[in-house]
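Structure first, commentary second.
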Amino acid sequence: MNIHEYQGKAVLKEFGAPVSAGFPALSVAEAVEAARKLPGPLYVVKSQIHAGGRGKGKFKELPADAKGGVRLAKSIEEVESHAKEMLGNTLVTAQTGPAGKQVNRLYIEDGSDISKEFYLSALVDRETSRVAFVVSTEGGMDIEKVAHDTPEKILTFSVDPATGIMPHHGRTVAKALGLGGEQAKQAATVLGQVYAAFVGKDMAMLEINPLIVTTQGQVKCLDAKVSFDSNSLYRHPELMELRDETEEDAKEIEASKYDLAYIALDGTIGCMVNGAGLAMATLDIIQLYGESPANFLDVGGGASEEKVTAAFKIITADPKVKGILVNIFGGIMKCDVIARGVIAAVKTVGLEVPLVVRLEGTNVEEGKEIIRTSGLNVIPADDLDDAAQKIVAAIKKA
């Protein structure tokens with residue numbers, strides 16, 4: 001689960017990390033009121049969307065030479081002007097794709113006098129099963145570009161969970177960033193605070209870009225991009241309150257209500273599969289035969305008829321779907337349950353696109369009989385290869 005920058009900074013502040021003063025705003029009036037609460041005279045007006053690259057982004061509705069989604073303002077009047085331009089408009093960045101995202105929230109922050117900019121992030125290193133840090137002197141830039149062009153400017157290290165952050169980690173970061181004296185001490189402290197927040201809130205990723213040193217010599221987190229491990233959210237009900245559903249795909253939200261593993265993709269063939277490995281294989285073989293999947297959907301090993309029906313409805317609600325492939329290998333999951341769910345869903349929502357069903361495993365003959373006697377226009381398939389070829393042929397013929 002992702003959250004907005006201002007929410008991420010509030011979490012960091014909870015663990016003592018230094019962040020600038022700021023207030024969220026959902027309207028132009030709230031943006032002006034937020035600016036009046038800050039000391040000024042410099043303010044920063046930041047679009048709040050779940051994507052990076054906001055500063056370099058462009059608004060669809062504004063002229064090409066208009067400023068991006070992060071702007072400086074030298075007066076409250078300028079804050080108001082920026083807020084009017086940004087709220088309700090669509091910001092396109094390198095991470096949103098061409099569709100962009102509508103800006104519904106702003107963050108009005110006190111300006112900072114920046115002396116140096118760095119990059120700091122924490123993430124889960126699955127190779128070592130530890131929290132790993134990525135540090136670079138090239139703050140404010142895309143870390144992917146830095147990694148490609150100047151990899152020597154990036155330092156990575158992992159932290160032993162048995163010890164947590166140790167003094168030598170702080171010294172390593174300070175040395176990598178070229179900091180000494182008081183700034184080195186501050187950087188070490190921030191590192192400990194970031195690690196505590198990461199572990200304490202079960203984060204999956206925390207990116208601070210940039211981490212700055214102000215002209216007054218203060219180390220500060222000027223940005224915070226945070227995502228949490230969704231599997232751990234049951235331990236953190238307070239984090240669920242931070243969820244902004246307007247930033248998520250409506251189909252993915254609906255799927256989460258039924259505990260379905262669903263991810264929307266850009267293709268034309270809707271897929272309903274049980275098991276993540278089989279689902280990935282299904283996506284691959286669709287691609288092999290010249291089409292693209294419209295979604296990843298794993299109904300799981302013990303899905304009920306209600307769950308299968310909900311999954312089918314979610315697939316058919318996608319206007320990009322030109323055909324549907326149901327690929328079930330019944331182990332715990334029974335083929336007859338899948339068949340009844342599909343039939344119930346088709347009778348409820350209708351079937352306007354080709355449907356190919358491949359069943360194998362537990363109660364497969366019962367499942368095939370249910371499909372066969374349903375009276376619906378369903379194309380049966382013998383195996384995955386056969387199913388993929390049939391659905392691709394069907395949508396090309398349609």
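The values are calculated or read from the model by the stated rules, or taken from the named source; none is laboratory data. Please read all numbers here as calculations on a predicted model, not as lab measurements. Positions of Cβ are backbone-derived with ideal geometry, glycine not excepted, and every protein chain shown enters the neighbour counts.
With assigned by TED's automatic domain parsing to the domain that holds Glu254, in contact with a Leu (Cβ under 9 Å, 6 or more places away or on another chain), under 20 Å from Lys251 (Cβ atoms) and part of a loop (DSSP other than H, G, I, E, B) as the only criterion, which of Leu351, Leu325, Leu376, Leu297 stands out?
From the options Leu351, Leu325, Leu376, Leu297, the qualifying one is Leu351.
Looking only at the stretch 232-275, how many residues end up being outside any loop (DSSP other than H, G, I, E, B), under 21 Å from Gly341 (Cβ atoms) and under 19 Å from the mean Cα position of the chain (by Cα)?
Summing the residues that are outside any loop (DSSP other than H, G, I, E, B), under 21 Å from Gly341 (Cβ atoms) and under 19 Å from the mean Cα position of the chain (by Cα) in the stretch 232-275 gives 11.
Select from the stretch 130-156 the residues that are among the acidic types (Asp, Glu) and assigned to a helix (DSSP H, G or I) and list them in ascending order.
Within the stretch 130-156, Glu144, Asp149, Glu152 meet the criteria.
Search the stretch 306-321 for residues that are farther than 19 Å from Ile391 by Cα and pair each with any residue that is part of a helix (DSSP H, G or I) and charged (D, E, K, R) when their beta-carbon atoms are under 8 Å apart and the residues are at least 6 apart or on different chains.
Val308/Arg340; Ala310/Glu254; Ala310/Lys257
Which numbered condition in (1) in contact (Cβ under 8 Å) with a residue 24 or more places away in the chain; (2) under 24 Å from Ala224 (Cβ atoms) is the only one that Leu62 fails?
Just one mismatch for Leu62, condition (2).
Quick one: in the stretch 343-366, of everything that is charged (D, E, K, R) and more than 24 Å from Val392 (Cβ to Cβ), which residue is modelled with the lowest pLDDT?
The residue in question is Lys347.
Please pick out the residue among Val190, Val199 that is part of a helix (DSSP H, G or I), buried (at least 19 other Cβ atoms within 10 Å of the Cβ) and at pLDDT 95 or above.
Being part of a helix (DSSP H, G or I), buried (at least 19 other Cβ atoms within 10 Å of the Cβ) and at pLDDT 95 or above holds for just one of Val190, Val199, which is Val190.
In the stretch 53-67, which residues are crowded, with 18+ Cβ neighbours inside 10 Å and either closer than 16 Å to Glu5 by Cβ or among the small types (Gly, Ala, Ser) (or both)?
Residues satisfying the conditions are Arg54, Gly57.
Per-residue answers, yes or no, for (1) without any contact (Cβ under 8 Å) to a residue 24 or more places away in the chain; (2) more than 22 Å from Thr96 (Cβ to Cβ); (3) not in a loop (DSSP other than H, G, I, E, B):
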{"position": "Lys13", "(1), (2), (3)": "yes, yes, yes"}
{"position": "Pro24", "(1), (2), (3)": "no, no, yes"}
{"position": "Ala51", "(1), (2), (3)": "no, no, no"}
{"position": "Arg54", "(1), (2), (3)": "no, no, no"}
{"position": "Lys67", "(1), (2), (3)": "yes, no, no"}
